[in-house]
Amino acid sequence: MVELKVGLEIHQRLNTNKLFCNCPSKIIEREPDEWLIRKMGVSYSELGSIDPAARFEVLRDREFFYGIYYDETCEVEADESPPLPMNEKALEIALKIAKIFNMIPLDEIHVMRKIVVDGSNTTGFQRTALVAMGDDESYVETSKGRVHLRTLCLEEESAYIVESRREYAKYKLDRLGIPLVEIATAPDIHDPDQAEETALKIGRMLRATKEVMRGLGTIRQDINISIEGGARQEIKGVQELELIPEVIRREVRRQRSLLDIKREMERRGLSEDELEDSFANVTPEISGSNSRMFRKALSSGNVVLAVKLPKMRGLLGREIQPGRRFGTELAGYAKVFSGVKGIIHSDELPGYGIDANAISSIASKLGLSEEDAFAIVVAEKGSAEIALGAVLRRVRMALKGVPEETRRALPDGNTEFMRPMPGSARMYPETDIPPVNPELILMRLASWRYESPEEVVERLMRSYGLPLEQADMLFDEEKVDIFERIASSCRHLSKRFIADVLTSKMRYLRREGHPVNLISEKMLEKILSLVDKGVLAKEAVESLLADLSLNPKADVEELVRSKYSMDESLLRRIVEEAIKKHRDLLKEDKDRALKKIIGEVMRRARGKVDGRRVRDLVVEKIESEA
């Protein structure tokens, strides 16, 4: 079994205004009111070095466009004004979270600048503050052992990326500055499923504070993974908990495959000296190709360049993750550094309209032997040279093993290269924000009571008679407060029915594509109140929710009257007809007849009349005729 070490970084947005200004923390759907244009530079750290991730971004030499909103963003996000003091409410929530996890708050909290020049921060850095440290008592208990917590930071969220190209990137500033906590674990995780369990437990504990944001994107997990003989990889942006184990398994497979490739390169005797920065223009060899892709690219004035990869035949096509080959790793570097769409390598040819004759011509021009491979790229000449230079650098790295990288999680569990791993030169003090002494906040929190997820679930089961599954769903979907309000006001309704509407029915409709997140809590309370009064049938709730999800501003009572209710006189007529039909059976077996009559009425009135109302009306009519 491969030795595996995994650490998690949990990023959770807090439900407050922004961290260093008073703008609201909300995502805006409309187009920005205006765009700013910036370019990023990088300077030496106080120790005279440059962070490798920052150097990488500056080499790309891109312009950045920032979308601003006149009514929702301000000069702080645009870096046209100094930041305000740290949001005290956000700091208080961070200290509450530290208390939950038995972490030790710092005596003085300093804001630091973390260099980030990919454009996601207008300043060229992200503001972050170390709030608390973990010790032996700071841990999450999992089924496979304790996972200790190392640090808790409070930092600002980055800007939202709209578009990324080789020449420029576009960001919106509505997300920039939203406060979030970052909880980093020790590398105590040694099993992929344990990583998911850890993230789930931490997420549930954060939700129990009732002061964190909910919804897609409000919490995400970065995964640090290393294996014996490999290198630490930081996998960014895993949002689905269920994907964590698969990301880890596929990363382990990738690193083991890269180590196998390294050993094979050594066996073949490949050295760095043989990897020459020499590119051949093979446009004439490709121009006769039947490939529509090449014809279109060449008609735009692009060229096709090729690079020799000595002793690499068969290695570029070797699979390192499901559906991804070593050639895909090379293409990742080419795309990120130069903006090209990809590369083509000899292990996947003939293909793409490149036939055996063209391959032979390219091989001849590059002076290839039987064991050599090549890569080609079609692009503007400068971009093509940068792309192939990146390919060569990645092959040189492969000779040394697995390079440390920051990678992006893909929806299928694979990962792709984002940028080099940041170094220690990226952090320095923030001079615009004074240090904060948390003593007064900690004094206020001395009597703060935290109800753990387990305590909440146990209370729901004990007080309301709910099964464990329903209680868990109410907690995980943050419906505990609304459930308890409805349960106290709707005394005729089963508590299980209320929980079912708030969880299972809403989940089902969401899976069916209904935007039930648009239905407000006030509207849900109104719907269940109408059921409690007998105005709305239980059977109609699901259909009513589906309708309201498409028209969330509709008048609930008016919609119920027009579509989900039956005129009293019509109902009474249906009851009378059913009783008349079964009058003989009423004389022989009253209980059996009652069931038949109610069933017949409900078949005609289902979804428009509550079952209790039907039963009461049938009994009333039978007794009046007795």
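Cβ-Cβ under 6 Å, sequence separation 6+ or interchain: first residue in region 329-355 and outside the structural domain of Ser383 (by TED's automatic domain parsing), partner surrounded by 22 or more Cβ atoms within 10 Å (Cβ to Cβ). Which pairs?
Filtered contacts from region 329-355: no entries.
Residue check, Leu460 against (1) surrounded by fewer than 19 Cβ atoms within 10 Å (Cβ to Cβ); (2) closer than 17 Å to Ala208 by Cβ, all met but one. Which one?
Condition not satisfied by Leu460: (1).
Filter region 13-36 for residues that are farther than 11 Å from Ile178 by Cβ and in contact with a strand residue (DSSP E or B) (Cβ under 7 Å, 6 or more places away or on another chain); which is surrounded by the most Cβ atoms within 10 Å (Cβ to Cβ)?
Pro32
When region 225-239 is examined, which residues are found to be acidic (Asp, Glu) and over 18 Å from the mean Cα position of the chain (by Cα)?
Pass one, region 225-239, residues acidic (Asp, Glu): 228, 234.
Once the filter is applied, which keeps residues that are acidic (Asp, Glu) and over 18 Å from the mean Cα position of the chain (by Cα), region 225-239 yields only Glu228.
What's the number of the condition Arg485 fails, among (1) touching an Asp or Glu at 6+ places or on another chain (Cβ under 7 Å); (2) within 30 Å of Ala98 (Cβ to Cβ)?
Result: Arg485 passes all but (2).
Being polar (S, T, N, Q) and surrounded by fewer than 12 Cβ atoms within 10 Å (Cβ to Cβ) is the filter here, so list the residues in region 432-457 that pass it.
Ser447
Okay, residues lined up against (1) part of a loop (DSSP other than H, G, I, E, B); (2) under 25 Å from Ser364 (Cβ atoms):
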position	(1), (2)
Met312	yes, yes
Gly317	yes, yes
Ile320	no, no
Gly327	no, yes
Ala331	no, yes
Ala334	no, yes
Phe337	no, no
Lys341	yes, no
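Somewhere in region 240-247, is a residue buried (at least 21 other Cβ atoms within 10 Å of the Cβ) and under 14 Å from Gly7 (Cα atoms)?
For region 240-247, residues buried (at least 21 other Cβ atoms within 10 Å of the Cβ) and under 14 Å from Gly7 (Cα atoms): present.
Of everything in region 107-119 that's in contact with a strand residue (DSSP E or B) (Cβ under 8 Å, 6 or more places away or on another chain) and surrounded by fewer than 19 Cβ atoms within 10 Å (Cβ to Cβ), which residue is nearest to Leu442 (Cα to Cα)?
Taking the candidates together, the pick is Glu108.
Would you please list the contacts, defined by Cβ atoms under 6 Å and residues six or more apart or on different chains, that run from a residue in region 291-320 that is crowded, with 23+ Cβ neighbours inside 10 Å to a residue that is of a type in the set (S, T, N, Q)?
Cβ pairs passing all conditions: Val304/Thr283.
Looking at region 152-183, which of the residues that are over 18 Å from the mean Cα position of the chain (by Cα) and of a type in the set (A, V, I, L, M, F, W, C) is farthest from Thr218 (Cα to Cα)?
Ranking the qualifying residues of region 152-183, first place goes to Ala169.
With the requirement that a residue be among the aliphatic types (A, V, I, L, M) and in contact (Cβ under 8 Å) with a residue 24 or more places away in the chain, what does region 389-406 give you?
Ala390, Val391, Leu392, Val395, Ala398, Leu399, Val402, listed by residue number.
For region 251-292, what are the residues that are among the hydrophobic types (A, V, I, L, M, F, W, C) and part of a helix (DSSP H, G or I)?
Of everything in region 251-292, those that are among the hydrophobic types (A, V, I, L, M, F, W, C) and part of a helix (DSSP H, G or I) turn out to be Val252, Leu258, Leu259, Ile261, Met265, Ile286.
Looking only at residues in region 343-376 that are in contact with a Lys or Arg (Cβ under 8 Å, 6 or more places away or on another chain) and not in a helix (DSSP H, G or I), which one is modelled with the lowest pLDDT?
Gly353
Quick one: how many residues across region 160-184 are charged (D, E, K, R) and either surrounded by 18 or more Cβ atoms within 10 Å (Cβ to Cβ) or closer than 27 Å to Ala199 by Cα (or both)?
6
Yes/no per residue for (1) surrounded by fewer than 18 Cβ atoms within 10 Å (Cβ to Cβ); (2) modelled with pLDDT of 95 or more:
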{"position": "Ala208", "(1), (2)": "no, no"}
{"position": "Arg214", "(1), (2)": "yes, no"}
{"position": "Glu228", "(1), (2)": "yes, no"}
{"position": "Arg250", "(1), (2)": "no, yes"}
{"position": "Gly269", "(1), (2)": "yes, yes"}
{"position": "Asp273", "(1), (2)": "yes, no"}
{"position": "Asp277", "(1), (2)": "yes, no"}
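Here are Ile261, Ile202: which of them is within 30 Å of Asp135 (Cβ to Cβ) and either surrounded by 20 or more Cβ atoms within 10 Å (Cβ to Cβ) or outside the structural domain of Tyr70 (by TED's automatic domain parsing) (or both)?
Only one candidate qualifies: Ile202.
Please determine whether any residue of region 439-456 is free of Cβ contacts under 8 Å to residues at least 12 places away in the same chain and either at positive phi or part of a loop (DSSP other than H, G, I, E, B) (or both).
Among the residues of region 439-456, at least one is free of Cβ contacts under 8 Å to residues at least 12 places away in the same chain and either at positive phi or part of a loop (DSSP other than H, G, I, E, B) (or both), which makes the answer yes.
Do we have Glu157 as surrounded by fewer than 17 Cβ atoms within 10 Å (Cβ to Cβ), assigned by TED's automatic domain parsing to the domain that holds Glu75 and touching a strand residue (DSSP E or B) at 6+ places or on another chain (Cβ under 9 Å) here?
No.
Can you say whether Glu416 is within 27 Å of the chain's Cα centre (by Cα), surrounded by 15 or more Cβ atoms within 10 Å (Cβ to Cβ) and outside the structural domain of Asp222 (by TED's automatic domain parsing), as far as the supplied structure shows?
Considered against the rule, which asks whether it is within 27 Å of the chain's Cα centre (by Cα), surrounded by 15 or more Cβ atoms within 10 Å (Cβ to Cβ) and outside the structural domain of Asp222 (by TED's automatic domain parsing), Glu416 comes out as yes.
Given the condition without any contact (Cβ under 8 Å) to a residue 40 or more places away in the chain and in a helix (DSSP H, G or I), answer yes or no: does some residue in region 530-538 qualify?
Yes, because at least one residue in region 530-538 is without any contact (Cβ under 8 Å) to a residue 40 or more places away in the chain and in a helix (DSSP H, G or I).
The values are calculated or read from the model by the stated rules, or taken from the named source; none is laboratory data. Note that this is a predicted model, so its numbers are computed, not measured. Positions of Cβ are generated from backbone atoms using ideal geometry, with glycine treated the same way; all protein chains shown enter the neighbour counts.
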